[in-house]
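Novice: Got a structure here, written out as structure tokens. Questions coming.
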Amino acid sequence: MTLPAPHLLNDGSQLPAIGFGTYPLTGSEGADAVSSALEIGYRLIDTAVNYGNEDVVGRAIAASDVPRSEIVVTTKLPGRDHGYDETLRSFEASAEALGLETIDLYLIHWPNPSVGKFAESWKAMVQLQKDHRVRSIGVSNFTEAFLERLGAETGVLPAVNQIEVHPYFPQDALVEYHREHGILTEAWSPLGKRAAPYQEQVIADIANAHGITPTQAVLRWHVQRGIVPLPKSANPERQRSNFEMPGDDLTVDEIAAITALGKPDGRLFGGDPNTHEEM
Ligand SMILES: NC(=O)c1ccc[n+]([C@@H]2O[C@H](COP(=O)([O-])OP(=O)(O)OC[C@H]3O[C@@H](n4cnc5c(N)ncnc54)[C@H](OP(=O)(O)O)[C@@H]3O)[C@@H](O)[C@H]2O)c1
């Protein structure tokens, strides 16, 4: 197993090359899943207020033998808490639920443009970072136009934008924009969740050629594009198989063949950040 090197973020800190997604893991299933993920070697754990599992994630981290300093904990500000003071209060509630004094990566979950307050939240997050309560700040589901607005209004660009990326929705243009502006791309639903693109023949053929599974081929496709995938699995064997990076690199042509599976309407549930809002 050769784990890819961590990424250097635009604020000087590091982010592991692969993370663990925790939605919709709650209760004892959630605790067991996070515990086994940490045991297997995942060091980036992705939660959110709206997953209703910050407490479970926090308890699993506290119970783990892995030193806290090695774990990058991500949580996300929900839409109902947009605004400067609201963000500061929401952060304290998340920190308390997680049982942590500092959060490693804090993201705005959705821009919710009709609310019109994401830039106010961003200013509060910049302050939280200055106060050393948050190590890195970022966003999720931001388009190029929303990122431009953040830069214009605050002068601070996010370290990370966590967006929908899978073979049916490769987001080449936004990923390239991130690269040009020093923003790291994280992929949610990296395996395509319900759509299961890893069942595509082209992916099966590439996997066979490298002696890996189709899901491992999809995860390699992300990693070689410079993207941090956040696969979720409740099953320790699948967690391990997703975490390991066996085999050699995919070729440029193989990466292009997987990207070519993309469709303009390839989003999983119509989550266009211009219109889809989550509170
Ligand atoms: N920022 C956002 O707006 C946003 C939105 C959606 C998701 N997310 C984050 O992204 C994470 C991942 O997204 P996701 O859970 O939607 O999708 P995903 O990771 O693409 O897919 C998860 C599904 O794939 C199955 N699976 C996992 N590994 C597998 C394997 N090796 N072989 C076969 N099936 C496998 C899982 O089932 P089992 O559990 O049974 O293995 C689960 O049903 C979430 O947990 C969350 O942290 C963020």
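Novice: Among the residues of the range 100-113, are any in contact (Cβ under 8 Å) with a residue 60 or more places away in the chain, more than 12 Å from the ligand (Cβ to nearest atom) and assigned to a loop (DSSP other than H, G, I, E, B)?
Specialist: Yes: the range 100-113 contains one or more residues that are in contact (Cβ under 8 Å) with a residue 60 or more places away in the chain, more than 12 Å from the ligand (Cβ to nearest atom) and assigned to a loop (DSSP other than H, G, I, E, B).
Novice: Still on this structure, I have one more. Taking the range 180-196 as the search range and keeping residues that are more than 10 Å from I227 (Cβ to Cβ), of a type outside the set (G, A, S) and out of contact with any Asp or Glu (no Cβ under 6 Å at 6 or more places or on another chain), which one is farthest from the ligand (Cβ to nearest atom)?
Specialist: E180
Novice: For the range 212-230, does any single residue satisfy the condition of being within 10 Å of the ligand (Cβ to nearest atom), part of a loop (DSSP other than H, G, I, E, B) and surrounded by fewer than 21 Cβ atoms within 10 Å (Cβ to Cβ)?
Specialist: Yes, the range 212-230 contains at least one residue that is within 10 Å of the ligand (Cβ to nearest atom), part of a loop (DSSP other than H, G, I, E, B) and surrounded by fewer than 21 Cβ atoms within 10 Å (Cβ to Cβ).
Novice: Of all residues in the range 44-71 being surrounded by 21 or more Cβ atoms within 10 Å (Cβ to Cβ) and not in a helix (DSSP H, G or I), which is nearest to the ligand (Cβ to nearest atom)?
Specialist: Top of the filtered list is D46.
Novice: Tell me the residue from I163, I137 that is out of contact with any Lys or Arg (no Cβ under 8 Å at 6 or more places or on another chain), among the β-branched types (V, I, T) and under 22 Å from E92 (Cα atoms), please.
Specialist: Only one candidate passes the filter, namely I137.
Novice: Now, a different point. Could you please find all residues in the range 172-203 being in a loop (DSSP other than H, G, I, E, B) and touching a residue at least 40 places away in the same chain (Cβ under 8 Å)?
Specialist: G182, I183, S189, P190, L191, G192, E200 - these are the residues of the range 172-203 that are in a loop (DSSP other than H, G, I, E, B) and touching a residue at least 40 places away in the same chain (Cβ under 8 Å).
Any read-out appearing in this document is the output of simple, stated calculations on the displayed coordinates, not a laboratory observation. On a predicted model such as this, the values are computed, not experimentally measured, just so you know. Every residue, glycine among them, receives a Cβ derived from its backbone with ideal geometry; neighbour counts consider all protein chains shown.
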